[in-house]
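What follows is one structure encoded as structure tokens, with my remarks underneath.
The values are calculated or read from the model by the stated rules, or taken from the named source; none is laboratory data. Predicted, not measured: the structure shown is a model, and the values here were computed from it. Virtual Cβ from ideal backbone geometry, glycine too; neighbours counted across all protein chains shown.
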Amino acid sequence: MTKLNSPKATPFSQTFFHGTKADLKIGSLVEAGRNSNFGQRKQARYIFLTATLDAAIWGAELALGEGRERIYLVEATGPIEDDPDLTDRKFPGNPIMSYRSVHPFKVVGEVANWQGHSVEQVRAMKEGVARLKEQGIESLNDR
């Protein structure tokens, strides 16, 4: 498992993306311990971020809830590591650059203009997620 250690935020900190339906403000912290945007909406042990806009778009499109889909620019405030649901199961080596952390992310901006996936792509992805749930395949992030 690759671990990335992010030093305290500086003007040159790596900026990541976080896709959600939550309405956040600049300076807000995205923190673990809140109800997850996914699955059974259990209390989340981890929070997620990505270095690719496409993965963040999927996060926003697949998030549960009624809010508007949003993509935030975030900075990690502590160490991050590969998201094992994606890197161990679907994309070994983490080419999609998806990560998780128990440490908060600071919202530093919002991507105002982005193009979502087609209705067909979103439907197919949601159907795939539903099939995994029916098969009892659980998230590694719950462990």
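Considering I96, I80, which residue is at pLDDT below 90 and either buried (at least 16 other Cβ atoms within 10 Å of the Cβ) or not aliphatic (A, V, I, L, M) (or both)?
Result of the check over I96, I80: I96.
Please go through segment 9-34 and give me each residue that is of a type in the set (K, R) and modelled with pLDDT of 95 or more, ordered by number.
Hit for segment 9-34 is K25, nothing else.
Say we look at segment 97-110 and pick out the residues that are hydrophobic (A, V, I, L, M, F, W, C) and in contact with a strand residue (DSSP E or B) (Cβ under 7 Å, 6 or more places away or on another chain); which of these is nearest to I47 (Cα to Cα)?
My answer is F105.
Among the residues in segment 55-72, are any at pLDDT 90 or above, within 19 Å of H18 (Cβ to Cβ), touching a Lys or Arg at 6+ places or on another chain (Cβ under 8 Å) and basic (K, R)?
Within segment 55-72, one or more residues are at pLDDT 90 or above, within 19 Å of H18 (Cβ to Cβ), touching a Lys or Arg at 6+ places or on another chain (Cβ under 8 Å) and basic (K, R).
Given the conditions (1) at pLDDT 95 or above; (2) surrounded by 10 or more Cβ atoms within 10 Å (Cβ to Cβ), report the number of the one that Q115 does not fulfil.
Looking at each condition in turn, Q115 falls short on (2).
Looking at segment 121-135, is at least one residue in a loop (DSSP other than H, G, I, E, B), touching a Leu at 6+ places or on another chain (Cβ under 8 Å) and at pLDDT below 90?
No; the residues of segment 121-135 include none that is in a loop (DSSP other than H, G, I, E, B), touching a Leu at 6+ places or on another chain (Cβ under 8 Å) and at pLDDT below 90.
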